[in-house]
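Accompanying notes for the structure given below.
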Amino acid sequence: MSGRLVLAAALGAAVLAPLVAPTYQALLMLPFMAYAVALLGLNLLFGYTGLVSFGHALFLGIGAYTGAFLTSVFKVRSMEVILVAAAALGALVAAPVGALCVRYVKIYFGMLTLAFGMVFYTFVLKFYRLTGGDEGMPFLRPALLGRSLEGLSKIDYLVGPYYYYSLAVLVLATLVMWRIVRSPFGLCLKTIRDNPTKAETLGIGVARYRWYAFVISAVYAAVGGALLGPPTGNVDPTLAYWTQSGNIVFMTLLGGFASFFGPVLGAFVFIYLQDWVMSIVPFWRLIFGAILAVIVIFAPGGLAGLLTPRPAAAPRP
Amino acid sequence: MTAHVVNLVVSGVFHASILFLVSAGLQVVFGVQKIFNLACGSFYALGAYVGVSAVAWYAEAGGPPALFILPLAIAGVAAGALGVVVERGLLRFVYDRDETFQLLLTFAVVLMMEDAIRMTWGTSPRSTAGLYLTYGGVHVLGTTVPVYNLIVIGASLAIAVLIGWLLTHTAFGCIIRASADNREMAEALGVDMRRLYAKVFTLGTALGTLGGALVIPATAAMSEMGIELIVEAFAVVVIGGLGSMRGAFVGALIVGVLRSIAISVYPELEMLLIYLIVIAVLVLRPRGLFGGAPA
Amino acid sequence: MILRAEGLRKLYGEVCALDGVSLAIDAGEFVSIIGPNGAGKSTLINVLTGVLRPTAGAVTFKDRDVSGLGPARLARLGIARSFQLVQIFPDLTVLETLQAAVVSRLGRGTRLFASLAADREVQEGAIDVAELFGLGEKRHVPAKQLPQGDKKLLDVASAFALRPELILLDEPTSGVSTADKTTIMESLVSASKRIGVRAIIQVEHDMDIVFAYSDRIIALHEGRVLADGPPAAIEADRRVVDTVVGRRARAG
């Protein structure tokens, strides 16, 4: 039950943050919430199905560019339309990409996803007439629930309506994912993670289930990517670069892939710690690289693994 | 027209030579330790910066400009010593773990080295000024080809031959091939895996740092050059086949020359073409052109 | 006739593991496949369960050609198996393992948003099988923490949880103590009656178990059927005693 208390407290803090916390800190919650949505999806693949994608930034990028195109080219400003379109496009791209990728596991799966991610990255980088190249594209302020909100200053918009909108999306995404991992489907994914040969003999078609998980995780990443756009008002190709894929796997591991909320925790710690480190020294990568190394070597269960009394399940030893 | 083709081929093969060195480092490490080393691009960047510094120091000390390639190559190889530190300090803890964790640990090295390089050499690009021109050029079919490029191509070829000889004609090479095939068997035969892994990883690192040092007279050193090169090296080893030296050689030529042609014919295509080839290879022939069975 | 194999051949490169094996299994039979190491027993099981595609020949299950359909499809058609080297889901509990099998049998694996905990049919189906195999007490123990005998039992139990018509057991008692062997055999015989399994095929090295439980014994040797008959006939067959049974006794 203490878990529920912690959760309620975290949610309460998130609701109150814009009212009590300094604006700057509240603004940092926006990328956190966007990444948290993406990571919930990534972990369905990583923690529950046992596949590590090194190209998931591809779907972050698809989500973000969907929003940028809709708002700045097609003059569609409704965030609901953007999120649905991002999810649909994420699924549309993930369907063929996933069908090819899930035929492989481990390092080959990672490499294939990385290659697809780089295809997208190079595409948006090089076709600058369409995408603005390395300068990116503007992601104009979206209307929320049909309200245009143009009258608000950017800060008021972001720490006000947009903040609570993001929080609502995160809560909804969490609830849906919570159901998915506790469904018969979620159980089948775990059997595949633990022992694909055995899962197959129980009649669970491994490739098909991996593909479902891949597509769902892509939808989550695309929605997360779309949420990342409005705070900066601009999307650029670095969002889809391979190091970005590495960073989101890092966040998942940091929080703990064996735990449902681990990745959310990981995104939170990553965003705030990165901001804090950068305020002291410009070299956050040096520190974060060291943190990642320490986690991989000494605490593969991540922060959630350290916090919970029972030892974190080592996945595929 | 011929001149254009010659230029394309020479610049493509020059790039391929550098790519081969880095990819060969990636392959030898993957072959023996089964670790896909994302940090090999970072080692390449390190080699470039160390090379710049070595050449600058050499020029200050008044060494004859014509021989600058010596301190450059020595510095490049010497920077490979970092490999021992990374292997003994980090990688050795995760040999019995899932390869995902090994991959992420090398990613940690990527992050750390990128900033370590920025801390040491600053964020602005560093170059060796005009040294590139020291050796002048030769006229081939109506165009001028820099002699330096030819030297590097020759050096890379020599290293390829040397590696081939090392693998097939020396006791060390025999141990490497045996361990790549069957680790348990090699261990049972008395191969000291600890020392072998340290040596192999250092060799892989030194190939990367040497590649970085040799490229530097032709281009400027930038802190992002590592993470950019790793994806090209990645393309090389996937096309050639993971763990295969011949694969690294052929893959580097394919990637190097294709990239050079793409840049000249249709710049938008550049790496896009390469990644599409990578995907085609992974889907149609996951072992690559020369690889063994997929893990 | 529930399962029929005709002229099965399996080549691994130059090596011939199965060289024209034909057999037929009737409903109600408990058939043991015996043979010395390298006779092709495991290859035969793997071909019959779709893990391996035969080089030549065909497998028919209930008058349907199922050669090379793959284990997942065969499992859904009603052929289940267990493994010689125990296969478990290390991080799943006993109950979760059995639930996965029941979910698969009921075709509910793609229910993305349904609650597993609230699915009474799955819950009860899993508990039933756990009780049947004496694993009820340990239902919340992760599989990796079970003792070896229980791991083997769980592997077999999960195959039964599919309520298959035909079950193939690859050395169901290998690697477990003599006491555990009897427990496993008794559990699976009574479970097959309760669940309505129509036929059992097992590969087994322990001749005491083979002769105690089988209705029929098929002896394999060098990829061919050496003998096929009731236990009494096999016991009387000099060739089988020399190559399989006798050798076993001397080794033991």
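Since only C:THR49, A:GLY289, C:GLN145 are under comparison, the one whose Cα sits farthest along the positive direction of the charge dipole of the protein assembly as shown, derived from C-beta charges on Lys, Arg, Asp and Glu, is C:THR49. Annotation: segment A:167-232 has a Kirkwood hydrodynamic radius of 13.3 angstrom, from the mean reciprocal C-alpha pair distance.
The ranking of C:SER192, C:SER177, B:SER23, A:SER279 from fewest to most other beta carbons within 10 Å of each one's beta carbon is A:SER279, C:SER177, C:SER192, B:SER23.
Taking every alpha-carbon pair under 8 Å whose residues sit at least 6 apart, chain A reaches a relative contact order of 32 percent.
Legend: helices of chain B (whole DSSP H runs) are marked when their alpha-carbon atoms reach 20 angstrom or more along the helix axis and their mean Kyte-Doolittle hydropathy is at least 0.0; marked are B:2-33, B:40-60, B:99-121, B:147-169, B:193-215, B:225-240, B:245-265, B:270-284.
Per residue of B:92-104, other chain Cβ atoms within 10 Å of the residue Cβ number 6 on average. Cβ crowding within 10 Å ranks C:SER214, A:SER78 as A:SER78, C:SER214, fewest other Cβ atoms first.
The alpha carbon convex hull volume per residue for segment B:2-284 rounds to 139 Å³. Peptide C:101-110 is shielded by partner chain Cβ atoms: per residue, an average of 6 of them sit within 10 Å of its Cβ. The mean number of Cβ atoms from other chains found within 10 Å of a Cβ in peptide B:224-233 is 2, as a whole number. For A:ILE204, the shell of other residues with beta-carbons less than 10 Å away shows a net charge of +2, using +1 for Lys and Arg and -1 for Asp and Glu. Over all directions, the projected convex hull of the C-alpha atoms in segment C:133-196 averages 4.3 nm² in area. Computed as a quarter of the hull surface, the mean projected area of the alpha carbon convex hull for segment A:25-239 stands at 11.7 nm².
Please list, or write none, the aspartates and glutamates whose alpha carbon is within less than 14 Å of the alpha carbon of B:LYS34, excluding same-chain residues fewer than 8 places away. Output for B:LYS34: B:GLU87, B:ASP96, B:ASP98, B:GLU99, B:ASP181, B:GLU184. Mean separation of Cα pairs under 8 Å and 6 or more residues apart, divided by the residue count, gives segment B:2-284 a relative contact order of 41 percent. This model, with +1 at the C-beta of Lys and Arg and -1 at the C-beta of Asp and Glu, gives segment A:25-239 a dipole about its Cα centre of some 500 debye.
Based on the inverse mean of 1/r over its pairs of different Cα atoms, what is the Kirkwood hydrodynamic radius of the protein assembly as shown, in Å?
30.0
Counting only DSSP H runs of at least 4 residues, each contributing -39500 (n - 2.57), and dividing by the residue count of chain C, the helix-based mean residue ellipticity at 222 nm comes to -10500 deg cm²/dmol. Here the peptides B:199-206, C:12-19 are ranked by packing, the mean other Cβ count within 10 Å, and the order with the highest first is B:199-206, C:12-19.
In a simple Cβ point-charge model (Lys, Arg +1; Asp, Glu -1; nothing else charged), segment B:2-284 has a dipole of about 460 debye relative to its Cα centre. Projecting the Cα positions of A:ALA85, A:LEU45, A:PRO230 onto the charge dipole of segment A:25-239 (unit charges on Cβ atoms of Lys, Arg, Asp and Glu, taken about the Cα centre) puts A:LEU45 furthest along the positive direction. As a ratio to 2.2 N^0.38 Å, the alpha-carbon radius of gyration for chain C is 1.01. Only Lys, Arg, Asp and Glu carry charge here, each on its Cβ (+1 for the first two, -1 for the last two); on that basis segment A:163-238 has a dipole of about 320 debye about its Cα centre. For the residue pairs A:LYS106/A:LYS198; A:LYS106/C:LYS144; A:LYS190/C:LYS193; C:LYS41/C:LYS181, the alpha carbons lie more than 27 Å apart in A:LYS190/C:LYS193. Take B:260-268, C:41-49, A:5-13, A:98-106 and order them by the average number of nearby Cβ atoms within 10 Å per residue, most first; the result is C:41-49, A:98-106, B:260-268, A:5-13.
Only helices enter this figure: runs of n ≥ 4 DSSP H residues, each worth -39500 (n - 2.57), summed and divided by the residues of chain A, yield -23000 deg cm²/dmol at 222 nm to the nearest 500.
None of the figures in this text is laboratory data; all of them are computed from the coordinates on show. Everything numeric in this text was worked out from a predicted model, so none of it was measured. Please note: Cβ atoms are built from the backbone with ideal geometry, for glycine as well, and neighbour counts cover all protein chains shown.
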